[in-house]
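Presented below is the structure to which this report refers.
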Amino acid sequence: MWQIAGLPAHPLLVHAVVVLIPLAALMVIVGSVWPAAHRKLGVLTPLVAAVALVFVPLAKEAGEALERQVPESAALEVHTELGDQLLPWAIGLFVVAAGQWVWFRMRARKRSGDTRSTAARVSTIVIAVVAIGVSVGTTVSVVQVGDSGARAVWSGQSGTSSTEK
């Protein structure tokens, strides 16, 4: 059922996640520390994070369908458990990207008056720290899921490595 052109959809959908999540994370981080980049990226950052977020459950569902078709293994179990942890991170990345975009839009509209208040500066720094933390966490999660998936595929279907066979 979860196939694209006769191939399992999971490895194909995963490529979108592997590209879009780190891209969105990078855009959030750059926008946090470089105001000119944030102004140039604008709404594109939360849009990329939203598209990435859509692909995460699609890849997960396709992966669960594929899991039912292959033999069980310890490596596959690790991959599945790590994959379950990615969606909350992706949601967090989208929320941070959207919140950061809204915050900077509100700040841009108030530029006509005195916008150099201490509260605004502290808020901007707090938002940047949270944005960077969530971006790094999400990217680390993607790397862990991808690494465990590659190990599950390349270590053999029985869950043993090629040196143990």
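Here, each number is a calculation from the coordinates, and none is a lab measurement. All of these numbers come straight from a predicted model, not from anything done at the bench. We place every Cβ from the backbone using ideal geometry, glycine too, and count neighbours over all the protein chains shown.
Side notes on the structure shown:
- Given [x] 1.31; [y] 1.14; [z] 1.27, the label whose value is Cα Rg over 2.2 N^0.38 Å derived from this model: [z]
- Projected label points at E81 and R151, each 7 Å from Cα along the beta carbon direction, are separated by 1.1 nanometres.
- Simple label model, 7 Å out from Cα along Cβ direction - L58 to T124, nm: 3.7
- Counting only whole DSSP H helices of the chain, the ones at least 30 Å long by C-alpha along their axis and with mean Kyte-Doolittle hydropathy no lower than -1.0 are 9-33, 44-67, 86-109, 118-154.
- Sequence-distant residues sharing a close amide H with Q3 (under 5 Å, placed H): A9
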